[in-house]
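A quick write-up on the structure given underneath.
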Amino acid sequence: MPYSFHYLIMAEHSTFQKELLSRLRDTGLTIGQPKILDYLKDHNGISQKEIAKGCHIEPGTLTTLLNRMEEAGLVERRMMHGNRRSLYVFLTEKGSLLSRQVDHAFSDLEEQAFRDISSEDREKFLRIFQRIYENTVS
């Protein structure tokens with residue numbers, strides 16, 4: 001019996017998330033934190049507002065996640081250009097090292113997900129999925 005799109009995407013997300021956290025068990029990371037580390041890897045020194053937008057996380061939830069990550073020494077928040085209203089988030093050395101571990105786990109999971117799928121089909125799927133994503137965020 002074929003599954004609906006919404007069922008498949010929710011089931012895959014849940015499965016992917018559980019497997020990711022299992023692979024990162026020894027790091028102490030919790031749900032949401034790997035995504036933030038992955039985002040900061042390419043956007044280090046960005047505002048909290050931009051992280052929330054880029055990671056699709058509510059600002060209040062992001063604040064809680066960043067508080068825990070700051071306590072763990074993974075990120076630090078700083079004011080820039082004397083602007084007290086906006087805090088910018090930077091990876092610490094520890095956060096940078098952990099972001100590489102997260103990146104490796106994401107890469108391994110993607111390889112597992114696309115196992116036995118040709119590179120042509122993979123590229124086509126990603127192009128279509130990108131369009132689906134763009135349709136839902138606009």
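The values are calculated or read from the model by the stated rules, or taken from the named source; none is laboratory data. These numbers come from a predicted model, not from an experiment. Every residue, glycine as well, gets a Cβ built from its backbone with ideal geometry; the counts of neighbours run over all protein chains shown.
Whether any residue in the range 48-60 is over 30 Å from Glu134 (Cα atoms) and assigned to a helix (DSSP H, G or I) is what I want to check.
no
Mind checking which pairs have a first residue in the range 33-58 that is under 15 Å from Lys94 (Cβ atoms) and modelled with pLDDT under 95 and a second that is assigned to a helix (DSSP H, G or I) and hydrophobic (A, V, I, L, M, F, W, C), Cβ under 6 Å, 6 or more apart or different chains?
none
Sort through Gly45, Gly95, Gly32 and tell me the only one that's at positive phi and in contact with a helix residue (DSSP H, G or I) (Cβ under 7 Å, 6 or more places away or on another chain).
Going through Gly45, Gly95, Gly32 in turn, just one is at positive phi and in contact with a helix residue (DSSP H, G or I) (Cβ under 7 Å, 6 or more places away or on another chain): Gly32.
In the range 85-120, which residues are among the acidic types (Asp, Glu) and surrounded by 11 or more Cβ atoms within 10 Å (Cβ to Cβ)?
Within the range 85-120, Asp103, Asp108, Glu110 qualify.
Of everything in the range 1-32, what is surrounded by 16 or more Cβ atoms within 10 Å (Cβ to Cβ), assigned to a helix (DSSP H, G or I), touching a residue at least 60 places away in the same chain (Cβ under 8 Å) and not hydroxyl-bearing (Ser, Thr, Tyr)? Give them in sequence order.
Correct list: Leu20, Arg23.
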